């Protein structure tokens, strides 16, 4: 999923505001530093998602029998290849 820089910044501000309102949340760094780290993490995760999506589509395009995108068979195989590729890239 693609999000604009503006949307990512907006999302990070909403998350930060929610954390600031939580009495149990305690920041070890300045709130803006926390927000900037959120932006980096969201951006990195979306980049990984795009790479995995492209790889799953590349694998499906390499099938000798062409599958129609959006068909039930394509959806099942896409999910399978997407999850396999995502598992290869999991960091934790």
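The values are calculated or read from the model by the stated rules, or taken from the named source; none is laboratory data. Everything numeric in this text was worked out from a predicted model, so none of it was measured. Note that each Cβ is placed from the backbone with ideal geometry, even for glycine, and that neighbours are counted across all protein chains shown.
Being loosely packed, with under 15 Cβ neighbours inside 10 Å, free of Cβ contacts under 8 Å to residues at least 60 places away in the same chain, within 25 Å of residue 84 (Cβ to Cβ) and touching a helix residue (DSSP H, G or I) at 6+ places or on another chain (Cβ under 8 Å): is that true of residue 47 here? It is false that residue 47 is loosely packed, with under 15 Cβ neighbours inside 10 Å, free of Cβ contacts under 8 Å to residues at least 60 places away in the same chain, within 25 Å of residue 84 (Cβ to Cβ) and touching a helix residue (DSSP H, G or I) at 6+ places or on another chain (Cβ under 8 Å).
Being within 20 Å of the chain's Cα centre (by Cα), assigned to a helix (DSSP H, G or I) and modelled with pLDDT of 95 or more: is that true of residue 45 here? No; evaluated as a whole, the condition is false for this residue. Considering only residues that are outside any helix (DSSP H, G or I) and surrounded by fewer than 11 Cβ atoms within 10 Å (Cβ to Cβ), look in region 50-70 and name the one that is nearest to the chain's Cα centre (by Cα). Result: 70.
Within region 1-28, restricting attention to residues that are in contact with a helix residue (DSSP H, G or I) (Cβ under 8 Å, 6 or more places away or on another chain) and surrounded by fewer than 11 Cβ atoms within 10 Å (Cβ to Cβ), the residue that is nearest to residue 82 (Cα to Cα) is 1.
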